[in-house]
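S.K.: Submitted below is the structure of interest, expressed as C-alpha cells.
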C-alpha cells in the first residue's frame, strides 16, 4: 500500500481546502508499465513512448506480430483520438489495440476499427493472455 502514496498529490479544492488527489501522470505510467509487463510475459519486446509524444503509448514486437497500444485509465480514447488511431496506416501483421484499465479491475482490450482487423484470439501471445483471464476483450 505504501507504493501508492507516491501517486497522490495535495491539491486545493474550490474552497481553498487542500485534499489528496491522484497524480494522473503516475497513474498513466503505472498502466503503461503493467501493459508492457503483460505483453513481455508472452514474448513481445516492448518500447514505451513516454510523455504522450506519439499516437501510440507502446510498441510491441513479437515473432510474427507487431502490436501498437494506446493505454487509458477508466475510459476508452475519446472520439477525436480514436479517429486518429483508426487512420494510422499499419501493415497486415500489426494490430492496433486500445488498452483500458479501470480502477481495481482487470485490463480490457479492444482493437481499433479499420482495415487489417485480425481476431485477438488468433494472435500468438494475446490469445494466451485472454485464455488465462489476465485481460478481457471488449
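S.K.: Based on the alpha carbon coordinates of segment 85-138, what radius of gyration and maximum Cα-Cα distance (Dmax) apply, in Å?
M.R.: My reading of the Cα-based Rg and Dmax gives 11.7, 34 Å.
S.K.: Hey, another quick one. Test of understanding: express the Cα radius of gyration of segment 28-81 as a ratio to 2.2 N^0.38 Å, with N the residue count.
M.R.: Numbers: Rg = 11.3 Å, N = 54, 2.2 N^0.38 = 10.0 Å.
Taking N as the residue count of segment 28-81, the ratio is 1.12.
S.K.: If you take every DSSP beta bridge fully contained in segment 24-137, what fraction is antiparallel? Give it as a percent rounded to 5.
M.R.: Just about 55 percent of them are antiparallel.
S.K.: Which three semi-axes in whole Å describe the equivalent ellipsoid of segment 24-137, each the square root of 5 times a Cα gyration tensor eigenvalue, listed largest first?
M.R.: Details: eigenvalues 69, 60, 37 Å².
Whole-Å semi-axes of the equivalent ellipsoid: 19, 17, 14.
S.K.: Run the quick spin-label model on residue 122 and residue 61: label points 7 Å from Cα toward the beta carbon, then report their separation in nm to one decimal.
M.R.: With each label point 7 Å from Cα toward Cβ, the separation is 2.5 nm.
Here, each number is a calculation from the coordinates, and none is a lab measurement. Every value quoted in this text rests on a predicted model; they were computed, and no experiment measured them. Methodologically, a virtual Cβ is constructed for each residue, glycine included, from the backbone with ideal geometry; neighbour enumeration extends over all protein chains shown.
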